Every structure is written in structure tokens, then in C-alpha cells.
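Trainee: This structure is in C-alpha cells; I'll ask about it shortly.
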Amino acid sequence: MLRKISKTLCLLAVILCLSGCSKTKKPDGLPDLYPCHVKVTINNEPLKGAAVSLSGNDGRWPGNGITDQQGIAVIRTRGQFVGVAEGTYKVTVSKMLSPPSTGKDEGSTEEPKPLVNPKYATPTTTPLECVVKSGTNNFEFKVEEP
């Protein structure tokens, strides 16, 4: 009897786990998405840990990602769906340098400083732009220091 209850509980746990592991349903109206990778360099070196965002003219389905060790960000729509819709996008890049730790509990009073020129931080000021088309899209941008 105890064995039968154990098997039933085990089966129930597997079913619950599998039902919770299903993919997130795409929102209504989400267009087809195409893989998009953005490489960012600064001073001819990959920019690691930078936030990269793609903002379309309609603002409805922006994409974003964080650059890896090679300076490459995999762009996702709504943070979970790989790729972005076809269209023209303004590309923003930002990364802040945190002040060094003083080792004291009260923390530093210094403000974080931008590692990337602030002109790249907003869609209205960035000179960076890309056009995403069907298929895989790879872009490379060079940014400047402040």
C-alpha cells in the first residue's frame, strides 16, 4: 500500500514539474521574430556586460540583451523570446562603472560612472541603427568612451 502511494506521489510530482516547464505562450499580436546578435566594441576590444536595446519606430516590440565576454548580445523580445521582428531599430548601448568598494559597511558615496558615451544611451541621441530582416541578423557597432 505504501509503495503504491509512493509511486502515485512520484508520478504526480513528475506531471506537475513537466506542466510547469512548458514554454511561455507568445502574446497575441507578436510578429515573427528573427535571430539577432549585436557585437559591441570599445577601443577595439569587446565590451562585456553592456546593456543593448533595439527600439523600433512604433515602440511596440523592442528587444534587448547583455553582451557576453566576446561583446555579443543575443537580442530577445520581452526578455524571453529570442529574436526581434523585421524593421528598422535604433540601437542603444550602456554600461556603468561602479565605484570601488571601500570595504566599509556604509558603502561608497561615489556615483557610478558611464563607461560608454551617454549619446548611445537613448533612442533619441544614439547614432546607431540597424535593419532586421528575415533570417539571422548579425550587427557590429563601435562605441566611444565618455
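Trainee: Can you tell which of GLN80, GLN69 is within 16 Å of the chain's Cα centre (by Cα), surrounded by fewer than 14 Cβ atoms within 10 Å (Cβ to Cβ), in contact (Cβ under 8 Å) with a residue 40 or more places away in the chain and farther than 13 Å from CYS36 by Cα?
Mentor: Just a single option satisfies the conditions, and that option is GLN80.
Trainee: Considering only region 106-146, how many residues are polar (S, T, N, Q) and in contact (Cβ under 8 Å) with a residue 40 or more places away in the chain?
Mentor: Number satisfying all stated conditions: 4.
Trainee: Filter region 16-47 for residues that are hydroxyl-bearing (Ser, Thr, Tyr) and at pLDDT 85 or above; which is farthest from PHE81 (Cα to Cα)?
Mentor: Result: THR41.
Trainee: How many residues does region 94-115 hold that are at pLDDT 75 or above, in a loop (DSSP other than H, G, I, E, B) and surrounded by 10 or more Cβ atoms within 10 Å (Cβ to Cβ)?
Mentor: 6
Trainee: I want to confirm something. Restricting to region 27-52 and keeping residues that are free of Cβ contacts under 8 Å to residues at least 60 places away in the same chain and surrounded by 12 or more Cβ atoms within 10 Å (Cβ to Cβ), which single residue is nearest to TYR89 (Cα to Cα)?
Mentor: VAL52
Trainee: Might you let me know whether region 72-90 holds any residue that is at pLDDT 95 or above and out of contact with any strand residue (DSSP E or B) (no Cβ under 6 Å at 6 or more places or on another chain)?
Mentor: yes
Trainee: Quick one: would you say TYR120 is among the hydroxyl-bearing types (Ser, Thr, Tyr), closer than 18 Å to LEU30 by Cα and either buried (at least 19 other Cβ atoms within 10 Å of the Cβ) or at pLDDT below 95 (or both)?
Mentor: Considered against the rule, which asks whether it is among the hydroxyl-bearing types (Ser, Thr, Tyr), closer than 18 Å to LEU30 by Cα and either buried (at least 19 other Cβ atoms within 10 Å of the Cβ) or at pLDDT below 95 (or both), TYR120 comes out as no.
Trainee: Let me ask something additional. Is at least one residue of region 58-72 in a strand (DSSP E or B), under 24 Å from VAL116 (Cα atoms) and of a type in the set (D, E, K, R)?
Mentor: Within region 58-72, none of the residues are in a strand (DSSP E or B), under 24 Å from VAL116 (Cα atoms) and of a type in the set (D, E, K, R).
The values are calculated or read from the model by the stated rules, or taken from the named source; none is laboratory data. Quantities reported herein were computed from a predicted structural model and do not represent experimental measurements. Ideal geometry is used to build each Cβ from the backbone, glycine not excepted, and the neighbour counts take in all protein chains shown.
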